[in-house]
Amino acid sequence: MINVNSFINETRQRKKELILQEIQNYDTIVDEIEKARAKSNVINTFIVDYINRKVVEDTNLTNGSILETQNLTNEIITKIDIFKEKEVIKLKNSFPVTTELVNSSKNIYEMAGAVKLTFSNKVTRTISTDAGALWETIANISPYAINPESEFNIKIKGIDVIILNINTNIIEYIQLKTQKNTLTGSQVSRSVQELSIHQNPVFCAAFNNNSSWTFSNTNIPRVAGEDFWNRIAIPYNIICDQARNLILDLEREFVSFLE
């Protein structure tokens, strides 16, 4: 049995070792879903106490709780600035050369050597893919949310965040996507399988817009935007404001590449 009082102060690597030690014959488990089930079974034995300890630590911070509006905004901006810097460099380095496009000719834009149109298509796809990890990072600012990989050095297949829902006081296993239509049809069954092995699974979209849900399952609830962020005491309006600033900043960088 894991003792939270000592466990919480261990290194990420040591936390991983202690969790895996609790799983009988872990090395013989081949299936990733079964590995995920085994890890969550151990985590469930201590996660409520663990998160409650994190919440108490947060309330005792010298500069006030991270969830206070200014502290939270500053921390979100810091996370976004780190992401933005890396993303701008990545986009700049991926700007195509006309001759390379023509030689590649994977679509009509490349065939025509339309560098700017090809690049614009690539930019939105790249940002959308990379931003998924950003929302997870921002969610993990809240003491009510735990990213198993960053906290325990453990990956749980299909699970991005484990939270203590402040409205229900229930532990929830979250798969977090950017928006409601992120999944393709073929990905839905995989997400259902990944989520359904856990107690209280929830499929979440970071933003609530006018897109339609592509995820659907009668046994797994789905929530978007404020309904997700409110669970971990992060105001949705702050997320929207800073996400909007990020996208507009990236657009300005993109335009500068075209000049």
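The sole residue among LEU72, LEU61 that is of a type outside the set (S, T, N, Q) and in a helix (DSSP H, G or I) is LEU72. Just wondering, is there one or more residues in segment 40-52 that are open to solvent by 60 Å² or more (accessible area, probe 1.4 Å) and in a loop (DSSP other than H, G, I, E, B)? Yes: segment 40-52 contains one or more residues that are open to solvent by 60 Å² or more (accessible area, probe 1.4 Å) and in a loop (DSSP other than H, G, I, E, B).
Residues considered: ASN208, ASN237. Of these, the only one that is modelled with pLDDT of 95 or more, open to solvent by 20 Å² or more (accessible area, probe 1.4 Å) and not in a loop (DSSP other than H, G, I, E, B) is ASN237.
The set of residues from segment 215-234 being surrounded by 17 or more Cβ atoms within 10 Å (Cβ to Cβ) and not aliphatic (A, V, I, L, M) comprises PHE215, ARG222, GLY225, PHE228, TRP229, ARG231. Within segment 1-35, the set of residues being under 24 Å from ARG53 (Cβ atoms) and either open to solvent by less than 40 Å² (accessible area, probe 1.4 Å) or among the hydrophobic types (A, V, I, L, M, F, W, C) (or both) comprises MET1, ILE2, VAL4, PHE7, ILE8, LYS15, LEU18, ILE19, LEU20, ILE23. When residues of segment 134-176 are filtered for being without any contact (Cβ under 8 Å) to a residue 24 or more places away in the chain and of a type in the set (Val, Ile, Thr), how many remain? The total comes to 1. Aliphatic (A, V, I, L, M), open to solvent by 20 Å² or more (accessible area, probe 1.4 Å) and not in a loop (DSSP other than H, G, I, E, B) - does that describe any residue in segment 136-147? No, because not a single residue in segment 136-147 is aliphatic (A, V, I, L, M), open to solvent by 20 Å² or more (accessible area, probe 1.4 Å) and not in a loop (DSSP other than H, G, I, E, B). Within segment 108-133, being without any contact (Cβ under 8 Å) to a residue 24 or more places away in the chain, surrounded by 17 or more Cβ atoms within 10 Å (Cβ to Cβ) and aliphatic (A, V, I, L, M) holds for ALA114, VAL115.
When residues in segment 1-54 are screened for being among the basic types (Lys, Arg), in contact with a helix residue (DSSP H, G or I) (Cβ under 8 Å, 6 or more places away or on another chain) and within 20 Å of GLU172 (Cα to Cα), 3 of them pass. You will find that of ILE232, ILE220, ILE154, the residue that is touching a Leu at 6+ places or on another chain (Cβ under 6 Å), modelled with pLDDT of 95 or more and not basic (Lys, Arg) is ILE220 and no other. Among the criteria (1) assigned to a helix (DSSP H, G or I); (2) among the basic types (Lys, Arg); (3) surrounded by 15 or more Cβ atoms within 10 Å (Cβ to Cβ), the one ARG190 does not fulfil is (3).
The values are calculated or read from the model by the stated rules, or taken from the named source; none is laboratory data. If you're wondering where the values come from, they're calculated on a predicted model, not measured in any experiment. For neighbour counting, all protein chains shown are included, and Cβ atoms are generated from backbone atoms with ideal geometry for every residue, glycine included. These area figures cover heavy atoms from the full protein model, side chains too; ligands, DNA and RNA do not enter into them. Shrake-Rupley method; radii C 1.70, N 1.55, O 1.52, S 1.80 Å.
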